[in-house]
Amino acid sequence: MKRTITLLMTIFALNGFSQSITVELDTNQTLQDSDAGSVAYADIDLDGDNDLLISGNGPTTGVTSTLYANDGSGNFTAVSQPAIVNLYTGAAEFADVDSDGDMDLMMTGNTSSPSATANLYINDGTGNFTISSGTPFQASNSGDIDFGDIDGDSDLDLIMTGLDASGNAFSKLYLNDGMGIFTLVSGTSFTPVWSSSTEFIDVDNDGDLDLLISGANSSGASTTNLYENNGTGTFSLVAGVPFDNAQFGDIAFGDTDNDGDQDIFLVGQNDSSQFIAKFYINNGTSFSLLPNTPFPGTFAHSSSFADFNNDGNIDLLHVGNSSNGLIGHIYENQGSNNFILVDSTLSGSYNGSNIVADLNGDNKMDVVATGTSFTSPFRAPKIYMNQSALSVNELNADLDIIIFPNPSSGLINIKINSPSPTDIEIYDVTGRVILSDTFFGNIWNTQLNEGSGIYLMRLRTDKKVFTSKITLK
């Protein structure tokens, strides 16, 4: 009964009732210092909740990397992991690299020495990690990493950018054999970058992952390049794209106008040393800059798309250093890319990043923001619990989803970037399950023979849950 009531409340909200977006700072727990660090999340011990990895530097804890286990209610306890190296100025991401159903961990960055590193940690299934020996990864700092299946063989490959131990910029691609054994791809055309952001995105809806990279090149100039995938993992530079060049920034993407393709939000410092926040609309075959957006230009942090109030439109979390100081903003998408500022109470920060995930099991997307802020604790991450209506998960490279057409006459297509099985359920306004299925692979479709109206779709992989409104005409 509780489940049905929750769904009814969600459906009613989707039918047009106004919903506020509100987050609340958790003042009951303090995590390690995270200046110039990373944050990543995954269910590392398969107990159904999202755990955290925090790395970074600060006067309280020094250079540290800490794994925090979640008790299911959003309370985190540091877990001893002797194999995990203490790092800062790097990147971290969880991924199931060996296809055994648990989340492994990739980390880059500097030790306190400082010494550049790049380590892959294999999960034994209970949340205990050991270093994978003999990996080919470039020891690095000041870069980014991203996983995605670039060649359609159902395992996760890796892009890595940054500075090597000699201070040289690089961008390298590694292919996974499915067992967590990676091989460097030679002869790639990627511009070497650092202070970078990388994202695998299917920008042209052809079923494979393309690649967007921003950062500083070997001369220190800002760059942003889009590379198209031919379907086999071979990339070519796309000419004539409208993206501003950026470094010290971030890339966020999602279908912000519900037209079945991925739009892009780009922040950072451009060639003219200006702080930018530019929103590019995907028209299916090309991108165009959306003018007159309300977002301040930022750098030295990150932004994320998520539907914080579950109205079927993805909203924007926007954190960083602006020309007017540090900001922490949430913008509600009221439809058709009409964004309004609804919450500016988050503490702004710099030299950090953020994640959006359900931390306390209430199916609402919460926020963790790392870096240095001007409010106590100054260098520890800040956890914000979502007090809004039921919301959904962030659209990102870990779970790249397209649902189309929507609205629909009954035909529903799903494209998803996930190497694991996907469970799908569709509910009507009474909470009745009208479809339940599990599919393998990246593409699924069905014909719904139901009446016109609003329905709720829920997708679940081994990493995340995604909820979306479906409208039948």
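Numbers for the structure displayed
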item	result
Convex hull (Cα only) mean projected area of the range 53-145, reported in nm² to one decimal	6.6
Stokes-Einstein D (µm²/s) once Rh is taken as the Kirkwood radius of the range 237-306 over alpha-carbon pairs, at 37 °C in 0.692 mPa s	263
Using alpha-carbon coordinates, inclination of helix 2-14 to the longest axis of the chain, degrees	90
Mean Cβ count within 10 Å, highest first, over the residues of peptides 261-271, 202-212	261-271, 202-212
Candidate residues S197, S336: accessible-area rank, largest first, probe 1.4 Å	S336, S197
Cα gyration tensor category, rounded, prolate or oblate, for the range 66-115 with a/c compared to 1.5	oblate
Kirkwood Rh, Cα atoms: Rg over Rh of the range 178-241	0.99
Three principal axis lengths of the range 204-254 [C-alpha, angstrom, descending]	33, 24, 18
For the chain, alpha-carbon Rg relative to the globular expectation (2.2 N^0.38 Å, N residues)	0.91
The chain, helix-only ellipticity at 222 nm - DSSP H runs n ≥ 4, -39,500 (n - 2.57), divided by all residues, nearest 500	-1000 deg cm²/dmol
Solvent exposure ordering (accessible area, 1.4 Å, most first) of S288, S20	S20, S288
Size of the range 178-329 as Cα extents on the principal axes (Å, biggest first)	44, 40, 34
As computed over the range 285-346, the Cα convex hull volume per residue (Å³)	109
Per-residue SASA entry for Y227, accessible area with 1.4 Å probe, Å² rounded to 10	0
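The values are calculated or read from the model by the stated rules, or taken from the named source; none is laboratory data. In this text the structure is predicted, and so the values were computed from the model without any measurement. For neighbour counting, all protein chains shown are included, and Cβ atoms are generated from backbone atoms with ideal geometry for every residue, glycine included. Side chains are part of the model used for accessible areas, which takes the heavy atoms of the whole protein and leaves out ligands, DNA and RNA. Shrake-Rupley method; radii C 1.70, N 1.55, O 1.52, S 1.80 Å.
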